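One structure is given here, and the rest of the page talks about it.
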Amino acid sequence: MDINILQISNSDCSVMQQSVNIGHEEVHMSYIEFQNVKKIYKMGDVKIKALNGADFSIEKGEFAVIAGASGAGKSTILNLMGGMDTATTGKIIVDKENVSKFSAKKLTTYRRYDIGFVFQFYNLVQNLTVRENVELATQICKNPLDIDEVIEAVGLKDRSSNFPSQLSGGEQQRVAIARALAKNPKLLLCDEPTGALDAKNSEEIFKILKQLSKEKLVIVISHDEILAKKYHDYLYEIKDYQLKLIHQNPITQRKKQEEKTSKRSFLQFILKELKMTWKSSFIVVQVLFLALLSILLTLSLTQLIQKQIHQQLEQIIPSTTIMLKKKNNQMIKMDDLKQIQHPAIQYRFLQNDQVDFLGISFSKKYQTKKTLYISDYIQQPQKKIQGRKIKNAQEIILSKSTYEQLLYLSHQKDLLNKDVYLFFEYQNRICFYKVKIVGIENKKTLMETVYFNEYAMSQMLKELYQIEVGQTAFLQVKDKNILKDLKNKYPLYQFKLANSSLSSSIDEKFQQIEWILYCFSSLAVVTACFLLGVVLYLMVIKRKKYFAILQTLGASLWQMITFVLCQGLGISCTAFIEAMIVLKKLFIFANQLIQKSISDLMDEFFVIQNNVLLGVFIGVLILTFLCCLIPIKKVKQIEIIEALKS
């Protein structure tokens, strides 16, 4: 709609001309200059001219009002002036800087520190209070004004804790002015600030802007002729793509007031945003938490079980136990075994695989129910002994758990220094050998364990069955690294660690199980992270206008990318910490349940492995970064002006 330009008297025009004309002797540059500026918008194949060679200048006044018909290019000029849009051709000079040549990064800096925007439809963040909306601007720039003083200056001191929906249109526009002013900009640009207000509120807004113009250069686009005439210092009209000064009111010198600034950080803004959005992210956090808990349980339990099995295997067959056989599969004689010498060898044991060791009993007569089957009998005691050491083949030591089992079977209170009987079977003939229990090792074992003197078993078999040879021999050594020396020194024998085959078999089986569990758990984590990416993407789409507002306030692309990343990392880290805490509680509870029954056999069974936590955490971080790529790309594609209109 066209508007009638205010009528200016001849005397006013002559005054205006005197103030604008420049003498031939001095070189003068206006504060704002447009030099042959063109702006062409493309909509498919159609080109729309918004400005066609605009040439004008604005002096560094205090309150400049721009009038003109609708569609004349007023908003385009303001957007170009404020760095929200870029000219197709031409120069835009602001404070001696060629804004039209600024890079995207420099335009962001320009908007952040030099420009404050006030829009017709306020563009407030609806889920932020008055104070938080104003604070939003202060957390992006360097030297913002004091928030409370700015809010008080626009007359909203008592409404600072209200949300925009609880304010009138005039109050919302005051919040928008306060937000723009809080940045402490050089230039305050207002695009139809009273366009959506009634007459009373419109005048209130003009009064505020007039007051602010004492300290800032304020440029206002307005259709309100009455208010424009009443409050302007400079009145411009845009016509035929040119901006012309049509009136100037007398300006009195004003003393600039001291501005109180405050320090804010973008980090504070990020933390506040995370706090505000945690409710909407709660479901995603819980889904990711369950996925992470499953993979942490999988990794922890498989590693712990494998570790415990190896520890128990170490107790049954220590890694310092070396097994040997002759390479030609001939029998090993006692004399052969005695000839194998090394300073690290502590104990020798010859075993005949054809003889079965049936167990130990307090009775001379073999009875299955009263005989305790012995699984481990090739070691030497490692723990403290109650009683004394073995002196000959007729004496034995039992582990604590084996001794307790034997007491239970014999219904005796004490068997220390008492005779018991060992039973053997060879070629269907069962024989017993009387021995005395001289010691009890202070150790509970998973398998029933008896300790013999060196060569004691061979002596027993010789007396019972006249057997003096065996297929397999065992050496207890101080250091398993002597294996290579033994192989070189005794080439007729085959040496290997006694638990190596079993250990390798266990590792192989567990590796297969681990891979299956890893696949299922990893699938759950990947699915949860994919959900995270979708949520972040929808968040960007939903808050497109919010991101545009941030850009008008001067937020850089990197800051908005950081914002999206922090949202993703906040969700991921929260889920990870929650999973870690729950896992710890579960393990404490599980350890308490089983500790009474197996505390003497092993240490804590369930222990959180630091390498598992670190590995999963790094994996989650990588997946989170990958999930953020598409939302970040969407942020980059946001057009400020288009997003503000949405």
**Q.** Candidate lysines - alpha carbon under 23 Å from Lys484, same-chain residues fewer than 8 apart omitted
**A.** Lys325, Lys326, Lys327, Lys333, Lys338, Lys496
Q. Suppose every K and R has +1 on its Cβ and every D and E has -1 on its Cβ; what is the size of the dipole of the range 384-449 about the Cα centre, in Debye to the nearest 20?
A. 280 debye
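Run the accessible area of the chain with a 1.4 Å probe and give the carbon-and-sulfur part as a rounded percent.
So the carbon and sulfur contribution to the accessible surface is 54 percent.
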Q: Please give the residues of the range 177-202, grouped as numeric ranges, whose backbone N is less than 16 Å from a label point set 7 Å along the Cα-to-Cβ vector of Asp146.
A: 182-184
Q.
Using +1 at the C-beta of Lys and Arg and -1 at the C-beta of Asp and Glu, which of Ile238, Ser363, Phe117 has the Cα lying farthest in the positive direction of the dipole of the chain?
A. Ser363
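Find the Rg to Rh ratio for the chain, where Rh is the Kirkwood radius over alpha-carbon pairs and Rg uses the same atoms.
On the way: Rg = 44.3 Å, Rh = 32.8 Å.
Rounded to two decimals, Rg/Rh equals 1.35.
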Q. In the chain, with Lys and Arg counted as +1 and Asp and Glu as -1 at Cβ, which of these residues, Ile618, Met334, Gln351, has the Cα nearest the positive end of the dipole, that is, farthest along it?
A. Met334
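Per residue, how many Å² of accessible area does the chain show with a 1.4 Å probe?
Values: 33490 Å² over 646 residues.
Each residue of the chain exposes 52 Å² on average to a 1.4 Å probe.
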**Q.** the chain: angle of helix 557-598 to the longest principal axis, Cα-based, in degrees nearest 10
**A.** 30 degrees
Q | Bridge type composition, the chain - antiparallel percent by DSSP, nearest 5 | A | 70 percent
Q: Using only Cα atoms, tell me the angle between helix 104-113 and the longest principal axis of the chain; keep it within 0 to 90° and round to the nearest 10.
A: 70 degrees
Q: Report the label-to-label distance for Asp485 and Val46 in nanometres (one decimal), using points 7 Å from each Cα along the Cα→Cβ vector.
A: 9.4 nm
**Q.** Accessible area of Ile571 in the full protein assembly, 1.4 Å probe (Å², nearest 10)
**A.** 10 Å²
**Q.** On Cα atoms only, tilt of 610-636 relative to the major axis of the chain in degrees
**A.** 20 degrees
Q: Using +1 at the Cβ of each Lys and Arg and -1 at the Cβ of each Asp and Glu in the chain, identify which of Tyr377, Gln471, Gly570 lies farthest towards the dipole's positive end.
A: Gln471
**Q.** Sequence-distant residues sharing a close amide H with Ala498 (under 5 Å, placed H)
**A.** Thr321, Ile322, Met323
Q) Got a number for the accessible area of Asp419? Probe 1.4 Å, square angstrom, nearest 10. A) 70 Å²
Q | Under 16 Å from the Cα of Lys210 - lysines, other chains or at least 8 residues apart | A | Lys60, Lys186, Lys200, Lys229, Lys230, Lys255, Lys256
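First check a/c for the range 23-136, with a ≥ b ≥ c the square roots of the eigenvalues of its C-alpha gyration tensor; if it is under 1.5, answer rounded, and if not, answer prolate when a/b is larger than b/c or oblate otherwise.
On the way: a/c = 1.74, a/b = 1.27, b/c = 1.37.
Since a/c reaches 1.5 but b/c is at least a/b, the shape of the range 23-136 is classed as oblate.
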(Q) If I ignore ligands, DNA and RNA and count only protein heavy atoms, how much of Met43 is accessible to a 1.4 Å probe, in Å² to the nearest 10? (A) 130 Å²
(Q) Antiparallel versus total DSSP beta bridges in the range 394-448: what percent is that, nearest 5? (A) 60 percent
Q: Can you sort Tyr231, Tyr408, Tyr366 by 1.4 Å-probe accessible area, starting with the largest?
A: Tyr408, Tyr366, Tyr231
Q: Quick one: which residues, 5 or more positions from Gln346 or on another chain, have an amide H under 5 Å from its amide H? H modelled 1.01 Å from N in the peptide plane, none for Pro or chain starts.
A: Gln476, Val477, Lys478
Q: Taking the Cα centre of the chain as origin, sum charge times position over the Cβ atoms of Lys and Arg (+1) and Asp and Glu (-1), and report the length of that vector in debye to the nearest 20.
A: 2280 debye
Q: Would you list, by chain and number, the aspartates and glutamates whose Cα falls below 20 Å from the Cα of Lys436, excluding same-chain residues fewer than 8 positions away?
A: Asp376, Glu395, Glu404, Asp414, Asp419, Glu448, Glu454, Glu463
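For the range 449-568, give the magnitude of the charge dipole about the Cα centre (Cβ charges: +1 Lys/Arg, -1 Asp/Glu; no others), in debye to the nearest 20.
Details: 12 positive and 8 negative charges, 177 e Å.
Here the size comes out at about 860 debye.
The values are calculated or read from the model by the stated rules, or taken from the named source; none is laboratory data. Worth saying up front: this structure is predicted, and the values here are computed from it rather than measured. Please note: Cβ atoms are built from the backbone with ideal geometry, for glycine as well, and neighbour counts cover all protein chains shown. The protein model used for the area step is the full one, side chains on, heavy atoms only, and it has no ligands, DNA or RNA in it. Shrake-Rupley method; radii C 1.70, N 1.55, O 1.52, S 1.80 Å.
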